[in-house]
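Could you have a look at this structure, given as structure tokens, before my questions?
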Amino acid sequence: AGPGAPGGGLVPGHAAGGAGAAPSGAKKQIEFDQAINYVTKIKLRFAKQPETYKKFLDILHTYQQEQRTITQVYEEVALLFANHADLLSEFSQFLPDGSPGGAGAQPAPGAHPAGPPGMR
């Protein structure tokens, strides 16, 4: 099972965007499609750096195997996408509320995304 596994979002068992709406088949399909589109965007962005794309998938896989916490996942993805704030911001939308960069931890409008100082 890949990053778009059942459960919605990139992070297995967590809905994309952290919305609290009642789950529906259409909503889950939209979330799944968003996750697939996001992973495709990463693959295309790093077409000449396949090791970056593979590392991203590896980070998600080890989280799915419960070898990393969501905080560790966010920190590793933040480092991986250090020069790609748009990808990190979009990744944050798939995290559960209250996690680093997750929907419950979003910075105020106009604020810089959380992450290492080199990302600001």
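Residue-by-condition table, conditions (1) in contact with a Ser or Thr (Cβ under 9 Å, 6 or more places away or on another chain); (2) under 14 Å from PHE94 (Cα atoms); (3) of a type in the set (Val, Ile, Thr):
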| site | (1), (2), (3) |
| --- | --- |
| GLY25 | no, no, no |
| GLU31 | no, yes, no |
| TYR38 | no, yes, no |
| PHE46 | yes, no, no |
| GLU51 | no, no, no |
| LYS55 | no, no, no |
| LEU60 | no, yes, no |
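Looking only at region 65-83, count every residue that is under 15 Å from VAL39 (Cα atoms) and among the basic types (Lys, Arg) and tell me the total.
Just the residues of region 65-83 that are under 15 Å from VAL39 (Cα atoms), to begin with: 77, 80-81.
Next, from what is left, pick out any that are among the basic types (Lys, Arg): none.
The number of residues fulfilling the criteria is 0.
From the list GLY7, GLY2, which one is at positive phi, modelled with pLDDT under 80 and surrounded by 12 or more Cβ atoms within 10 Å (Cβ to Cβ)? Steps first, please.
Details: GLY2 fails: at positive phi.
The conditions single out GLY7.
Let me ask you something else. Taking region 62-80 as the region of interest, how many residues are farther than 17 Å from PHE94 by Cβ and either aromatic (Phe, Trp, Tyr) or free of Cβ contacts under 8 Å to residues at least 12 places away in the same chain (or both)? Spell out how you get there, then give the answer.
Narrowing region 62-80 to residues farther than 17 Å from PHE94 by Cβ: 65-67, 79.
Applying the additional criterion that residues be either aromatic (Phe, Trp, Tyr) or free of Cβ contacts under 8 Å to residues at least 12 places away in the same chain (or both) yields 65-67.
Qualifying residue count, region 62-80: 3.
Another question, if that's okay. Here are some residues: LYS43, LYS54. Which one is over 11 Å from the mean Cα position of the chain (by Cα), within 20 Å of GLU31 (Cα to Cα) and charged (D, E, K, R)? Write out each step before concluding.
Working: LYS54 fails: within 20 Å of GLU31 (Cα to Cα).
Answer to the check: LYS43.
Still on this structure, I have one more. Residues in region 49-73 that are at pLDDT below 95, loosely packed, with under 14 Cβ neighbours inside 10 Å and of a type outside the set (Val, Ile, Thr): how many?
Qualifying residue count for the region: 3.
Shifting gears a bit: Before we move on, is PHE46 modelled with pLDDT of 95 or more and surrounded by 15 or more Cβ atoms within 10 Å (Cβ to Cβ)?
On the way: modelled with pLDDT of 95 or more: yes; surrounded by 15 or more Cβ atoms within 10 Å (Cβ to Cβ): yes.
When the stated conditions are applied, PHE46 passes them.
The values are calculated or read from the model by the stated rules, or taken from the named source; none is laboratory data. None of these values were measured; they are calculated from a predicted model. All Cβ positions, even for glycine, are placed from backbone atoms using ideal geometry, and neighbour counts span all protein chains on display.
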